[in-house]
1. How many of the residues making up the range 276-301 are part of a loop (DSSP other than H, G, I, E, B) and exposed (fewer than 12 other Cβ atoms within 10 Å of the Cβ)?
2. Please tell me if E102 is in contact with a helix residue (DSSP H, G or I) (Cβ under 8 Å, 6 or more places away or on another chain), among the acidic types (D, E), in contact (Cβ under 8 Å) with a residue 24 or more places away in the chain and farther than 30 Å from V173 by Cα.
3. Between Y127, Y116, which is more than 24 Å from the chain's Cα centre (by Cα), more than 29 Å from Y409 (Cβ to Cβ) and surrounded by 14 or more Cβ atoms within 10 Å (Cβ to Cβ)?
4. Across the range 155-195, what is the total count of residues that are crowded, with 16+ Cβ neighbours inside 10 Å, among the small types (G, A, S) and touching a residue at least 60 places away in the same chain (Cβ under 8 Å)?
5. Looking at (1) in contact (Cβ under 8 Å) with a residue 40 or more places away in the chain; (2) crowded, with 20+ Cβ neighbours inside 10 Å, can you tell me which one A152 breaks?
6. Look through the range 106-132, keep the residues that are assigned to a helix (DSSP H, G or I), of a type outside the set (F, W, Y) and closer than 14 Å to E39 by Cα, and return whichever of them is modelled with the lowest pLDDT.
7. Scan the range 1-18 and report the pairs whose first residue is loosely packed, with under 14 Cβ neighbours inside 10 Å and whose second residue is modelled with pLDDT of 90 or more and assigned to a helix (DSSP H, G or I), with Cβ atoms within less than 6 Å and a gap of 6+ or a chain change.
Amino acid sequence: MSGISMEVFDRGLFAFTIASHIILVSMSLGLIVLMVFTEFLAIRRKDSHLKALLERLTKVFVISFGVGTASGIVMAVELVMLFPTFMTAVSLTGVIAIFYFEVFAFMLETVALIVYVYYADRFRSPYAHWAVSILVLAGVLLSAVFIVMVNAWMNTPNGFTSLTVGPNGGVAVTGVNPWAPFASASAFPEIAHVLPTVTLTGVMLVGSLLAASYLRARDAEERTTLIGGLKIAALLGIVLIVVAGASGANEVTTLFHDQPLKYAAVELDPNPGPNQPETLFGSLSGMTIVGGFGIPGLQSALLQMETGSAWAPGLSQYPAADWPPLWIHITFDIMVLGGLLIGLYFFLYFVSLVVLRRKPFQSRLFLYSWIPMSALTLVVMELGWVTDEVGRQPWIIYQTMTVSQAANYSSGLLVPGISIIVFYLLLFPLTFYFFGRIFNGARGANARSGPDGESAAADPGVHA
């Protein structure tokens, strides 16, 4: 294959891997957040149904952790194999320290999970066992935070005076500040948006498993167990979608200040200026927008509220060779509209529950609709990553190192790369099928508990 084709292969393979891996990350985050809240309420209310639900969620989390760990290793290896020059730059800057902190977070998660699952019966106080679940959650969250920090640094690099790439892939860096990458310009805005978005996706996916199981259940005890989990998932969903929406608006402000070209591409602004419309869909022909439709002045009005300036950057300010693919405007629009639909879904749930004093989970329509809404949440999350990563092209480190400079052009990557894709295509359907089997199989173990009706999961993690 030619050099340019191998560059495309490198990008495509890593995009496929990270798009797959993020699903497992979201599942792990959603599961552990649900576990923390479920165990606390189970202890506080002395609720055997929530204790039974906790055991089943724990079993699924252990599987998600195992598969996610293996997938994370694949990603780490691919970074070294596919983009060796980028990893050289990482090793010469403070970004390498972020990777070390991420390893620490993973170790915290692993050790805490072992204690949580296999030593549950050693805790005299149930709250002490619950505290260990918080350590697991801290490990998962910190791991996500440090990875997002690396991505933020790629968008707004700092911590060096100069970084140059030689003709043979050599990297020279001067003026290194090893701590600066921990606080790059886009670090906090990205963390504040990515964490609630990814967690919301996981909560929705786990909720879809609960909803599907509830719709098939005929046993009253089983339905009581599942409805408890759905109520917790819905409450978390309301909080997370509000935070994700607010932080998303802040992310747009960050783009405006720190990546104006990406902002112009996302908004499809041919020229800079005030009174810019909010263009929905459409494309650019020459410097003219064709198709789609625009809402006059809305973009500048929103900018005025968020940044204090109604003047929007335009694509014509930058060389066309530096433009990212303009179809990210479409992915951005779908992402935003999808987010609004998810917000509307939870708004209707809130109105039904609080204002109308109804019980939404008694509605089969609400339960059935949770499943496609969880799929929509997953699509929105993936499109967010696509918009962010493709919007940075042609740079792997913004305005510092291009993907073509970082890529590995060896055709020896083809066979292992294609093998990884095939493996993932087989692994993920089987993994999620196994999630369902493990979750619903644990129900049988609970049903075979003592004659007093107390679940065998009353001591969390005993059978996990």
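1. Final tally of qualifying residues: 4.
2. no
3. Y116
4. Qualifying residue count for the region: 4.
5. (1)
6. So the residue we want is A120.
7. Correct list of pairs: empty, since none qualify.
One line per residue, one yes/no per condition, for (1) at pLDDT below 95; (2) surrounded by fewer than 19 Cβ atoms within 10 Å (Cβ to Cβ); (3) not in a helix (DSSP H, G or I):
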{"position": "L303", "(1), (2), (3)": "yes, no, no"}
{"position": "I342", "(1), (2), (3)": "no, no, no"}
{"position": "F350", "(1), (2), (3)": "yes, yes, no"}
{"position": "V354", "(1), (2), (3)": "yes, yes, no"}
{"position": "V380", "(1), (2), (3)": "no, no, no"}
{"position": "R392", "(1), (2), (3)": "yes, no, yes"}
{"position": "Q399", "(1), (2), (3)": "yes, yes, yes"}
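The values are calculated or read from the model by the stated rules, or taken from the named source; none is laboratory data. Note that the coordinates shown come from a computational prediction; the quantities given were computed from them, not determined experimentally. Every residue, glycine as well, gets a Cβ built from its backbone with ideal geometry; the counts of neighbours run over all protein chains shown.
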